[in-house]
Amino acid sequence: MDMTIALPYINTALLIFGGLGLGEYVKKRAESLATRKDIGALTKEVEGIKAEISKGEWNRQKRWELKREVLLEATERLAEVIEALRLLSVSNPDRVTERLQAWHRTSLDLAKTQERVAIVCGKETYDCLHAFRLLGNEMALKLEVGKRLTFEELEARVSAARAAIRKELGIDNAS
């Protein structure tokens, strides 16, 4: 058989079998490219989700820091109110005006802090501080007119306020 006659048959066979291999190759390359595009899109989506989670976590952390700051301020105000009332209860006619002014400043500071608590904390904490402030004001009025008082009820209100603050902060053993 002459090679020139067989050559077209050989070329056809090579094209058919080679084309089949080339088709598989092209198919695999297309799948690989599609997979890379899918991975790229998934990576972008995962990065977006991570950014949202980070932003949410950041916001949660900032809210926690604000709440902690306000509650620590409230704790300081409780101590200031008790001290101002104790000073007011000491009978010294020469310093009554000065102590009343100090009481009014302290009471106003507690009222401001109480409003901050109303914004960032729950109703229970706000209510405890409010009850404490009302009792403090009532006691100051009685002390102003010269009545002697005990601080037992005020101490009970302080304990309730501290328990509410501990609960708000998530501190164990809030009793």
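Determine whether residue 161 is touching a Phe, Trp or Tyr at 6+ places or on another chain (Cβ under 6 Å), surrounded by 17 or more Cβ atoms within 10 Å (Cβ to Cβ) and among the aliphatic types (A, V, I, L, M). So residue 161 fits the description; yes.
Counting only residues that are over 23 Å from the mean Cα position of the chain (by Cα) and surrounded by 17 or more Cβ atoms within 10 Å (Cβ to Cβ), the range 56-79 holds 1 of them. Might you let me know whether the range 129-136 holds any residue that is touching a residue at least 60 places away in the same chain (Cβ under 8 Å) and in contact with a Ser or Thr (Cβ under 7 Å, 6 or more places away or on another chain)? Within the range 129-136 (the criterion being touching a residue at least 60 places away in the same chain (Cβ under 8 Å) and in contact with a Ser or Thr (Cβ under 7 Å, 6 or more places away or on another chain)), the answer is no, since none of the residues qualifies. Scanning the range 133-166 for residues that are in contact with a helix residue (DSSP H, G or I) (Cβ under 8 Å, 6 or more places away or on another chain) and not in a helix (DSSP H, G or I) yields 148, 149, 151.
It is to be established whether one or more residues within the range 47-65 are within 30 Å of residue 99 (Cα to Cα), without any contact (Cβ under 8 Å) to a residue 40 or more places away in the chain and not hydrophobic (A, V, I, L, M, F, W, C). No; the residues of the range 47-65 include none that is within 30 Å of residue 99 (Cα to Cα), without any contact (Cβ under 8 Å) to a residue 40 or more places away in the chain and not hydrophobic (A, V, I, L, M, F, W, C).
The residues listed here are 97, 113, 106; of these, the one that is surrounded by fewer than 14 Cβ atoms within 10 Å (Cβ to Cβ) and hydroxyl-bearing (Ser, Thr, Tyr) is 97.
Each value in this text was obtained by applying a stated rule to the coordinates, not by laboratory testing. For clarity, every value in this text was computed on a predicted model and none was experimentally measured. Methodologically, a virtual Cβ is constructed for each residue, glycine included, from the backbone with ideal geometry; neighbour enumeration extends over all protein chains shown.
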